[in-house]
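Right, one structure below, let's go through it.
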Amino acid sequence: MKEAAMLKYPNSPEDHVVLINFFGKWLLAIENPKLCKIVLSNSEVFYKYAYAGLQEGTLSGDLMGANILSESGPNWKRHRKIFNPVFVKNWDTMTFGLKTKQLLNQWDSLIENKKSINVTEWMPRITLDIFGLEVLGIDLNAIKENTDMYIKYQRMMELFNDFILLHLPFVYKHFNFLSRVKNAKEAINDFNKIIYDIIEDKKSRKEKVADGDLLDRFIMASESEVGGLSIKELRDSVLITLIAGHDTTSTSLICTLYNLAKYPDVQDKARREIELVMKSNDKRAIPSYDEQKEFYYLSAILKETMRLYPSLSSLPLRIATKDFKLGNIDLPKGTLVTISVMAMHHNKSHYENPDQFIPERFYDEEQNKLKCPMENLNDYKWLPFSGGGRSCIGMQFAIIEQRILTAMILRNYRIELSDELKQSEIPFAKNPILHPLDVNLRFIKI
């Protein structure tokens, strides 16, 4: 390896790169927008790194399989070609709004009893319900009760916190006599059976629904393509859509509600904007697709929240498939590269007062619009949805969902910090994927 070439300026603060010896391989961690753009715009050079823990038969491999997030090269192109037309649409806001109404009804009863609300419990439930309807065409009804499918999904999701089985693949592969391994495989098999049954049912229908749920459209798009998705690949696509969409959106909503409670002036300003935009005086009216697009200040709040609390602290590892000149750095083939999203978002070279919550950094007060549209990822300093050709395909869905939920909550309640949060920050689990722990807030009906 050309170590001398790589070591020209490792750990250089002005270039925002750090060189790390990662289990015997060189890993370059980047928080430089220009270098980040080069990496994310050259997917033919920088493949996703398929390390042993993601292979079939490992816990991560059995959980996520081969999907649009993990694949590279021809396989990724095949997935993307099928996925693109499925996600390009004007999302109907009714599903988001009707589920939010159900949530508000549940909260009303808690508020009457003067109870604070643990939003860490509720946001995953509503986002999962919405994804169940939009992805599978099934109402999981998690807002109201612990249904069988909800319990099995949660049991499977808890496996992402099993450090031993995730990071010691040989234990999961070969130690089947351990109850820990047995329970993990049983949880995956139970949820797989549900998904496979749904897929088989949809595929067996004579009439396909052109504008149905995402799985309907996955199947239709796949069947119209040569080399479409297998049953296993459809299952993997459903799972990664649920996991990537439900989990990250839930985290963003929890952090947004916390910030609104912590900064009442910001909360009031957002509420005024929502009232001006909404044509209906009904506090529980569902914002239309066109109305939610005009929530500019609210969008700045969401954008700033995702800057402070990106769901992924770093983007998945990539590997250089050939020798490559990255800025002034000569990268030998086989070098690992990662984008340090958390470091990028909190770097004072990119953002003034980076650790402070300042929605106005993204909002043009005079023009009443975002300084940069939410969908514009071209500056590579704001990366909750990654960037380049492999940016998150579900970004529009996630943003609309967050706008609708947050707007409807703000029209109905004033939000305050609970006593325990007044003296502390959001507690997070120790995990590369950001998971808020108990975030209890007070909601006062307006």
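Odds and ends about this structure:
- With respect to being closer than 25 Å to A398 by Cβ, surrounded by 21 or more Cβ atoms within 10 Å (Cβ to Cβ), touching a residue at least 60 places away in the same chain (Cβ under 8 Å) and more than 18 Å from the chain's Cα centre (by Cα), A300 falls outside the description.
- Of all residues in region 103-119, those satisfying the criterion of being part of a helix (DSSP H, G or I) and either surrounded by fewer than 22 Cβ atoms within 10 Å (Cβ to Cβ) or not β-branched (V, I, T) (or both) are L103, L104, N105, Q106, W107, D108, S109, L110, I111, E112.
- N328 vs. criteria over 20 Å from the mean Cα position of the chain (by Cα), exposed (fewer than 15 other Cβ atoms within 10 Å of the Cβ) and at positive phi: no
- Hits in region 410-422 (condition: closer than 15 Å to V277 by Cα and either among the hydrophobic types (A, V, I, L, M, F, W, C) or at pLDDT below 95 (or both)): L410
- Against the test of being touching a residue at least 12 places away in the same chain (Cβ under 8 Å) and under 20 Å from C255 (Cβ atoms), the options I130, I138 yield a single qualifying residue, I130.
- Checked against (1) in contact with a Ser or Thr (Cβ under 7 Å, 6 or more places away or on another chain); (2) buried (at least 22 other Cβ atoms within 10 Å of the Cβ); (3) not basic (K, R), C392 meets all criteria but (2).
- Scan of region 418-440 for residues that are in contact (Cβ under 8 Å) with a residue 24 or more places away in the chain, outside any loop (DSSP other than H, G, I, E, B) and under 30 Å from S340 (Cβ atoms), ordered by number: L421, I433, P436
- Qualifying position, being of a type in the set (V, I, T) and farther than 27 Å from D197 by Cα, among T120, T58: T120
- Within region 53-65, the set of residues being under 20 Å from I231 (Cα atoms) and either among the acidic types (D, E) or at pLDDT below 75 (or both) comprises L54, Q55, E56, D62.
- Any hit, region 84-102, residues being over 21 Å from the mean Cα position of the chain (by Cα), loosely packed, with under 13 Cβ neighbours inside 10 Å and without any contact (Cβ under 8 Å) to a residue 12 or more places away in the chain: no
- Selection count, region 395-417, where residues are within 17 Å of K269 (Cα to Cα), of a type in the set (D, E, K, R) and part of a helix (DSSP H, G or I): 2
- Scanning region 252-287 for residues that are surrounded by fewer than 24 Cβ atoms within 10 Å (Cβ to Cβ) and of a type in the set (V, I, T) yields V266, I274, V277, I286.
- Per-region count, region 312-325, residues at pLDDT 90 or above and either surrounded by 17 or more Cβ atoms within 10 Å (Cβ to Cβ) or among the hydroxyl-bearing types (S, T, Y) (or both): 5
- K37 being out of contact with any Ser or Thr (no Cβ under 6 Å at 6 or more places or on another chain) and either of a type in the set (K, R) or farther than 23 Å from N378 by Cα (or both): yes
- If you go through region 76-135 and keep only what is over 21 Å from E291 (Cβ atoms) and basic (K, R), you end up with K77, R78, R80, K81, K114, K115, R125.
- One residue from A50, A4 being at pLDDT below 85, hydrophobic (A, V, I, L, M, F, W, C) and within 22 Å of F385 (Cα to Cα): A50
- Region 367-399, residues that are more than 16 Å from E304 (Cα to Cα) and of a type in the set (A, V, I, L, M, F, W, C): C392, I393, F397
- Elements of type helices (runs of 4 or more DSSP H) in region 139-214, at least 2 residues being surrounded by 14 or more Cβ atoms within 10 Å (Cβ to Cβ) and of a type in the set (V, I, T): 179-204
- Residues in region 142-191 that are among the polar types (S, T, N, Q) and modelled with pLDDT under 90: 4 in all.
The values are calculated or read from the model by the stated rules, or taken from the named source; none is laboratory data. On a predicted model such as this, the values are computed, not experimentally measured, just so you know. In this analysis, Cβ positions are derived from the backbone assuming ideal geometry, glycine residues included, and neighbour counts consider all displayed protein chains.
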